[in-house]
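This report concerns only the one structure given below.
The values are calculated or read from the model by the stated rules, or taken from the named source; none is laboratory data. All values reported here derive from a predicted model rather than from experimental measurement. A quick note on method: Cβ atoms are made from the backbone with ideal geometry, for glycine too, and the neighbour counts reach across all protein chains shown. For accessibility, only protein heavy atoms count, side chains too; no ligands or nucleic acids. Shrake-Rupley method; radii C 1.70, N 1.55, O 1.52, S 1.80 Å.
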Amino acid sequence: MKKKPSLPQPDALTHAGLQKFQRSIAASVMRPQGTAAGAAVRLIKPNARLTAHERLDIYHQQYWLRILGSLREDFPALAAALGEAKFERLARAYLAAHPSRSFTLRNLGRHLEAFVLRPAHRRLTAPHTALAADLARFEWAQVVAFDEGEIAPVTAEQLAGADPARLRLRLQPYLSVLRFAHPVDHFVLALQREDRNRTEASQAMAAGKKKSRASKKTPVKPSLPQPAATFLAIHRVDTLLFTKPLPIEAFRLLTALAEGRTIARACTIAFLVPKGRKLPDEEVLRRGALLQEWFTTWAELGWFALRK
Amino acid sequence: MPANAFNGFTDYGIGIGLRVPHYHHILTEKPTVDWFEIISENFMVDGGRPLQVLDRIMEQYRVVQHGVSMYFGSAEKTDREHLKKLKALVKRTGTPWLSDHLCWGSVDGTYTHDLLPVPYTLASARATARKIREVRDFVEVPIAVENVSSYAEYHTSEMTEWEFLAEVVELADCGILLDVNNIYVSSQNHSFNPFTYIDHLPAHRVAQFHIAGHSKFEKYILDTHDHPVLDPVWKLYDHAIRRTGPTATLLEWDDRIPSFDEVHNEALKAKDYWHGLKDATEKKAQANA
């Protein structure tokens, strides 16, 4: 077929042309909102009801609705802490800097915590940047816990007779062991309670029970948490997500195992003892009992696999 | 045609999309459903709830995989890692055919997560067909490509959408997932006759149908999948199955999802058209006799 002389460029009459054509349209569809549509408008035909710009704009609007909606769905606690308007400003800036690089929207929030913490972006979350980073980290860990893979947990037989000075374990890929500057788990739980109250209240209203106790409840947004060092394991059991608070020693121990240290070394790191200081016998016994209790629980949860 | 090479010679009936709000109902009530369509990408994960639920569903039901990110019409090379994940899921589900859209949506590794219309040129038909063949050879199941709803047309297009679809499926030797709602939406947005579209397709390649609801705005129609199927779409469906015969049909309902029963009952309306077609065929045979 002959090339039409008056076609706007790039056309899509060759493979190279098709590539340029798609780059031009995609750049316009994914551009930050409120900016000019660019040269792609020339590639679109108008019709009797819509200009070329308006037709292209349908895709542009749908793009932002889709990715903003997806990020909002994955970070409800962050949105609640910042407020919807502030969250949307953060989300727009983040998504402009980090458009999706994956076939699935599941990975959209992977870089959100790092983005929040960058000095140039702190104004987007000020004065709650540290809390915002905590919540971004926590909610991303929940995404991971939801559908990350599972490897065969270590068995009692594999552990029997193993030398703790040589044995190294790895943690399940779906498990995140994290340190936070705020008790984000309490905040998220309070939000979930508030959501439940709101749902019950609205269901009661819908059922016409306007004088019921439920309908009188006015959901109150939980107050933002005050700073307090918090150590959490975010994981799943079967299909349900759980958050397990950890003592600092347990956090150190799990982190050391995740880093590939032997069990013996990880236990030493967990309970740091100043050089030359001898622990009382009862403290040695207490620590031994704690270690036994932790390892039993974590092994029952299937958190460990053998590191090869 | 009901059972053909493009749907793995199966004769599936009326199915619905497997959606999260219905999981509990399906797993506890075990309603009778011909088959479920799953969105492949939702299950191309390494573990957790999605795969556990899928395995439980597959103990009771037949599933067919439908994708949203293969982007057959993209000028980019196919992502081999993506294909490997897709093939692993194909092996898990035993899907008799695999469908995805006749569209593009990513450039240079960045994804719009939209189904953008392809410019209808010979160059893009060839590139699209090449990619469909490559995917089919890799995953080793028949492929059906779905026509998308569109809101824009390009100056550069050399043919109509139906000519382009026919060209692609002939070059790729693949099936068609014919979405009659998408034909209707695009026909209203671009002022063409939707019956002409259907009449010009190679009917023997139709592996499956999609039906769905849409939303009408002042100047255009949007494919929203949040309503029952509207009358003009049922009319198109009726017209299409007169060409293809009663073929595997699936209702898509993705937003403001009502109860399982409401969705399933809406899908089962398609059976009325199958019965109507059967009656008409019998009457014709009697008249000829």
* Summed residue charge, Cβ within 12 Å of A:I25's Cβ, Lys/Arg positive, Asp/Glu negative -> +4
* Ignoring ligands, DNA and RNA, what accessible area per residue does chain B give at 1.4 Å, in Å²? -> 39
* Grab the DSSP H runs of chain B that are 4 residues or longer, score each as -39,500 (n - 2.57), total them, divide by all residues and round the 222 nm result to the nearest 500 deg cm²/dmol. => -14000 deg cm²/dmol
* Restraint check, B:K85/B:K131; B:K30/B:K235; B:K84/B:K131; A:K20/A:K45; A:K20/B:K131, Cα-Cα greater than 21 Å -> B:K30/B:K235
* Averaging sequence separations of C-alpha pairs under 8 Å and six or more residues apart, then dividing by the length of the stretch B:200-247, give the relative contact order as a whole percent. => 37
* Structure fact -> In chain B, whole DSSP H helices that both stretch 18 Å or further along their axis by alpha carbon positions and average at least -0.5 on the Kyte-Doolittle scale are B:122-139
* Asked: Using +1 on the beta carbon of Lys and Arg, -1 on that of Asp and Glu, and nothing else charged, what's the dipole of the stretch A:52-112 about the Cα centre, debye to 20?
  -> 200
* **Over the stretch B:13-117, relative contact order from alpha-carbon pairs under 8 Å, at least 6 apart, %** => 25
* **Cα coordinate range in the protein assembly as shown, projected on the principal axes (Å, largest first)** => 101, 62, 57
* Structure fact -> Computed on Cα atoms, the radius of gyration and Dmax of chain A in angstrom are 26.5, 92
* To do: Report the accessible area of B:M58, computed with a 1.4 Å probe over the heavy atoms of all protein chains in place, in Å² rounded to the nearest 10.
  => 50
* **Choice from B:D279, B:D34, B:D100 showing the highest fluctuation, given a GNM over chain B with Cα pairs closer than 10 Å** => B:D279
* Asked: Taking Cα atoms, how many degrees apart are the long axis of helix A:129-147 and the longest axis of chain A, rounded to 10 and kept between 0 and 90?
  -> 90
* Asked: What angle do you read, to the nearest 10 degrees and between 0 and 90, between the alpha-carbon axis of helix A:15-29 and the longest principal axis of chain A?
  -> 80
* Centroid-to-centroid separation of the stretch B:169-221 and the stretch A:253-306 [C-alpha atoms, Å] -> 63
* chain A: angle of helix A:281-300 to the longest principal axis, Cα-based, in degrees nearest 10 -> 40
* Taking the Cα centre of the protein assembly as shown as origin, sum charge times position over the Cβ atoms of Lys and Arg (+1) and Asp and Glu (-1), and report the length of that vector in debye to the nearest 20. => 1920
